[in-house]
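This report refers to the structure that appears directly beneath it.
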Amino acid sequence: MAFESLTQKLNDIFKKLRGKGKLSEADVKQAMKEVRLALLEADVNFKVVKELVARITERAIGQEVMESLTPAQQVIKIVNEELVALMGPAQSKIDFSKDITVIMMVGLQGSGKTTTAGKLGKFFAKDGKKPLLVAADVYRPAAIKQLQVIGDKVGLPVFSMGQQNPVDISKAAIEYARKNNHNVVIIDTAGRLHIDDELMDELINIKNAVNPSEILLVVDSMTGQDAVNVAEEFNKKLSLTGLILTKLDGDTRGGAALSAKAVTGCPIKFVGMGEKLDDLESFYPERMASRILGMGDVLSLIEKATADFDLKKAQELEEKLKTQNFDLNDFMEQLSQVKKMGSLSQILDMIPGFSQQKLKGVEVDDKELVRIEAIISSMTPSERSDPSIINGSRRRRIAAGSGTAIQDVNRLLKQYEQTKKMIKQFTRIEKSGKKSRQKL
Ligand code: GDP
């Protein structure tokens, strides 16, 4: 799978950071050296790596991280945000503003251009559009046949005029589309093994003749930096509107996906994820970044937290924590909030840096929750609001009143103390999750 080795290396680096707790500037710098190497080994463009690592380092040795209770986590968050910014920052859509959207597909031979033309047609057809595929690669007779086979498979008509001039074919195709109510025209142009002037001139002529809404370059991500160089060349001549990276399902090291936007300024609009004609996905920078970081879990945790957590309550709690007012009534309230998100140990597992060990004694199952409720109910209001007054004799009374053992009461009070610490972390994650989601 793509990015496997990069993901593994980044995870190893982050694991080391998490093991350290508080981070020094030297720790961050060492980690960034390793991140730099991992990116270079993944075939990311040298200049892109340099600038990216400089930005991450600058932020990571800032207050945001150093003063945080979970510095390693903050570093990962920054890396994630910078990767998203590098590849995006936002998803780039197709320009459908005209009556007929003309899309020119360009690319080197073997990049996956013809297959991708069919995939795109299918993709748009699913979206309710009426695409027409156009065979304008007239040099390889097999190319016309190939597009016809693909057209059959996806159930779309293919416009072809044999080996005639591709400019004439393209113009006639648009005329045909207008008459037959097609609102998307996808032109499969000729590819070569290498970029040459003749090919570029032909593409420029087609562009001038049909004034396309989109010129999409199909590049093979397996070719790494070559893909990025090809993109740069095509962009200079044709002013591309976007890139489609194919074969991202293969064993690519990831360099092309990470550098293409930064080097060319052209957004990646789609990615090819397999040979089948359904294997095309819209490109979302944030999803790609989380995939590269192997961080799906953290992102889904943030989603969960933002969906299920009551922000106002979380803020009230944070206020209470700041003013040291967090009492056992809040503890009960918090337990029920956390329970809403799933089992506590499941949640803790999703958070990097939260080793279960550190939080021994905080695990709560349903039976325990009932016991806790009983214990807290046996306390007086003043004990609930100020648990520090609960001395030995009060503990004995509470245990007897709630039908529990004195050890249960002790454990609860310990859990309360630890939860106090944990909630501080949760409210931080929850808030930073909201912030980074707003940025996306
Ligand atoms: P063209 O010469 O640029 O038109 O390239 P083709 O469309 O003929 O594709 C070349 C080869 O790449 C074919 O065998 C395709 O099946 C394959 N291909 C295209 N896109 C993908 C993809 O996203 N993943 C994989 N695994 N193979 C792909």
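Here is how the numbers come out for the structure above:
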{"item": "The lone exception for His194 - which of (1) within 15 Å of Lys119 (Cα to Cα); (2) within 14 Å of the ligand (Cβ to nearest atom); (3) under 34 Å from the mean Cα position of the chain (by Cα) it fails", "result": "(1)"}
{"item": "Which numbered condition Met104 fails, given (1) over 30 Å from Phe14 (Cα atoms); (2) touching a strand residue (DSSP E or B) at 6+ places or on another chain (Cβ under 9 Å); (3) of a type outside the set (Val, Ile, Thr); (4) not in a strand (DSSP E or B)", "result": "(4)"}
{"item": "Hits in region 136-153 (condition: among the hydrophobic types (A, V, I, L, M, F, W, C), within 35 Å of the chain's Cα centre (by Cα) and surrounded by 20 or more Cβ atoms within 10 Å (Cβ to Cβ))", "result": "Leu147, Ile150"}
{"item": "Given (1) modelled with pLDDT under 95; (2) in contact with an Asp or Glu (Cβ under 9 Å, 6 or more places away or on another chain), index of the condition Asp188 fails", "result": "(1)"}
{"item": "Unique match (being surrounded by 13 or more Cβ atoms within 10 Å (Cβ to Cβ) and modelled with pLDDT of 90 or more) among Ala38, Ala26", "result": "Ala38"}
{"item": "Qualifying position, being crowded, with 24+ Cβ neighbours inside 10 Å, more than 8 Å from the ligand (Cβ to nearest atom) and assigned to a helix (DSSP H, G or I), among Leu133, Leu120", "result": "Leu120"}
{"item": "Total residues in region 251-276, condition part of a loop (DSSP other than H, G, I, E, B), within 13 Å of the ligand (Cβ to nearest atom) and more than 18 Å from Leu10 (Cβ to Cβ)", "result": "4"}
{"item": "Lone unmet requirement of (1) buried (at least 20 other Cβ atoms within 10 Å of the Cβ); (2) assigned to a helix (DSSP H, G or I) for Glu233", "result": "(1)"}
{"item": "Matching option when the condition is at pLDDT 95 or above and out of contact with any Pro (no Cβ under 8 Å at 6 or more places or on another chain), among Leu199, Leu258, Leu217, Leu243", "result": "Leu217"}
{"item": "Residues satisfying the stated conditions in region 155-176, i.e. surrounded by 14 or more Cβ atoms within 10 Å (Cβ to Cβ) and farther than 20 Å from Ile100 by Cα", "result": "Met161, Asn165"}
{"item": "Matching option when the condition is hydroxyl-bearing (Ser, Thr, Tyr) and under 25 Å from the mean Cα position of the chain (by Cα), among Thr70, Thr101", "result": "Thr70"}
{"item": "Any hit, region 65-75, residues being in contact (Cβ under 8 Å) with a residue 12 or more places away in the chain and of a type in the set (D, E, K, R)", "result": "no"}
{"item": "Meets criteria (over 30 Å from Lys421 (Cβ atoms), over 24 Å from the mean Cα position of the chain (by Cα), assigned to a helix (DSSP H, G or I) and more than 13 Å from the ligand (Cβ to nearest atom)) for Ala85", "result": "no"}
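Residue-wise test of (1) modelled with pLDDT under 80; (2) in a helix (DSSP H, G or I); (3) more than 30 Å from Val79 (Cβ to Cβ).
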| residue | (1), (2), (3) |
| --- | --- |
| Met332 | yes, yes, yes |
| Lys339 | yes, yes, yes |
| Leu348 | yes, yes, no |
| Arg371 | no, yes, yes |
| Arg396 | no, yes, yes |
| Leu412 | no, yes, yes |
| Tyr416 | no, yes, yes |
| Lys434 | yes, yes, no |
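The values are calculated or read from the model by the stated rules, or taken from the named source; none is laboratory data. Please read these numbers as outputs of a predicted model, since none were measured by experiment. Here Cβ is always computed from backbone atoms with ideal geometry, including for glycine, and neighbour counts include all displayed protein chains.
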